[in-house]
Structure formats: C-alpha cells, structure tokens
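S.K.: The structure is given below, and queries will be raised subsequently.
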Amino acid sequence: MLTNDLGRYNLILASNSPRRQELLRGLDVRFEVRVQNGIDESYPDDLPKEEVPLYIAEKKANFYADKLLKNDILITADTIVLLNDVIYGKPKNREEAIEILKTLSGNTHKVITGVCICTANRRKLFSETTEVRFSDLDNDEIEYYLDLYRPYDKAGSYGVQEWIGYTAVESIKGSFYNVMGLPINRLYRELKILIE
C-alpha cells in the first residue's frame, strides 16, 4: 500500500498552493513543501497550448533536480484554463478576473494540469485534461464571488471547490480534483508504479 511504502522515501511537493497540499494530504502520506519563488514560467510561443502545463511542470522540476537526494521524490505541477486556444492563468487584478469570468460564462473550457514526478535518477511526466461547463453568470454573481472569495491566486479566476463551483459549474467531464489543481487519482497510481 502506497501510504506504507512511501515511508521509505522523502516526498516533496514543490508548490505553495493550499489546494495541492490539501489534495496530497488526502493520500495519507507524509510530505514536505519546498517553494522557490522566481522560477521562470515562460514557454515558447510555438508550443501547443495543451502542452504548456507539462512544459512548466518540468521546468519547475529542473530547478530542484540537482538538489535531490537518493530517497527524495519530487512532485511539481502547473495548471491552466484553456478556452478557444487562449490560456487564462491567474488574474493580475480584479478587472482581469471579471473579464475572465465573463469569458468562461456560458462556455465549456478545459482545465489542464501537467505533473512531473522525479527522483535523483528517474522522471515521469503526465498531464490530465478536464472539461468544465459554466452556466451563464450575471455581473452581480461575478462581483459577489470576487468580493467574498478573491480568487486572484487561481488559474481562470475561480476555485471549483468554492461558491462558484456550486452555482456556476453545470458539468465536469474528467477529474474533479484536476480542476482544483492536482489529478490526485492519476498521481497516486503513478507514485505506486514509481516505487514498485
């Protein structure tokens, strides 16, 4: 069982996202959080948008790779919201958050998370895509959500586990937890394979 088997390893989550930390805690495994600010998250202009989160997750892993010890397992991740080939990341301010939520309103967008798991000598990359359908949001609903939840640290300007998830999400095709920022079921299975 993974919970017991991982006891031989030092599991590291390189993310300051409270959602990712919460999801990893749900596996009942011990882990430490390491965060380094200022990692370059740029990507080539000609990179297909669907591949951006995987590219950035690996870029984050590369920052830590030469610091890993024999029993370390590092997890890095990046999540984007994609609609009509446009990436919607974390909003810079309230005005941008309003525009993003207006764009997502009444549409189906993709949430794509790229994940990199690596040890001192092995590396596994994968990504997960979830389709999310939003019902129409009026201005009052958008303003209410932004006033109370201030989702400025979230890709696409929303957290599916918050009020907007209850009121605006009509349907989800794929992993719910992926929309929160980590496809935890797939991660669990990949960790099991890694330590076999």
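No lab work stands behind these numbers, since they all come straight from the coordinates. Quick caveat, the model's predicted, so the values are computed rather than measured. All Cβ positions, even for glycine, are placed from backbone atoms using ideal geometry, and neighbour counts span all protein chains on display.
S.K.: Looking at segment 2-195, what % of its DSSP beta bridges pair antiparallel, to the nearest 5? If you can, show how the numbers build up before the last one.
M.R.: Numbers: 27 of 33 bridges.
For segment 2-195, the DSSP antiparallel bridge percentage is about 80.
S.K.: Next up: Against the longest alpha carbon principal axis of the chain, how many degrees, from 0 to 90 and to the nearest 10, is the axis of helix 94-104 turned?
M.R.: 90
S.K.: Going Cα to Cα from K102, which aspartates and glutamates come in below 12 Å? Please leave out same-chain ones fewer than 8 positions away.
M.R.: Excluding near neighbours in sequence, the set is D136, D138, D140, E141, E143.
S.K.: Using a 10 Å cut-off around each Cβ, can you sort S42, S105, S127, S157 from fewest to most neighbouring Cβ atoms? It would help to have the intermediate numbers written out before the result.
M.R.: Values: S42 8, S105 16, S127 22, S157 28.
In order of increasing Cβ crowding within 10 Å: S42, S105, S127, S157.
S.K.: Please report, in debye to the nearest 20, how large the charge dipole of the chain is about its Cα centre when each Lys and Arg carries +1 at its beta carbon and each Asp and Glu carries -1 there.
M.R.: Roughly 1060 debye for the chain.
S.K.: Would you give the gap between the C-alpha center of segment 61-84 and the C-alpha center of segment 105-147, rounded to a whole Å?
M.R.: Rounded to whole Å, the Cα centres lie 17 Å apart.
S.K.: What are the lysines whose alpha-carbon lies under 23 Å from the alpha-carbon of K59, with same-chain residues fewer than 8 places away excluded?
M.R.: Hits, sequence-local ones excluded: K49, K67, K70, K90, K92, K110, K124, K154.
S.K.: Quote the convex hull volume per residue of segment 40-97, based on C-alpha atoms, as a whole number of Å³.
M.R.: Taking the convex hull of the Cα positions in segment 40-97, it is 110 Å³ per residue.
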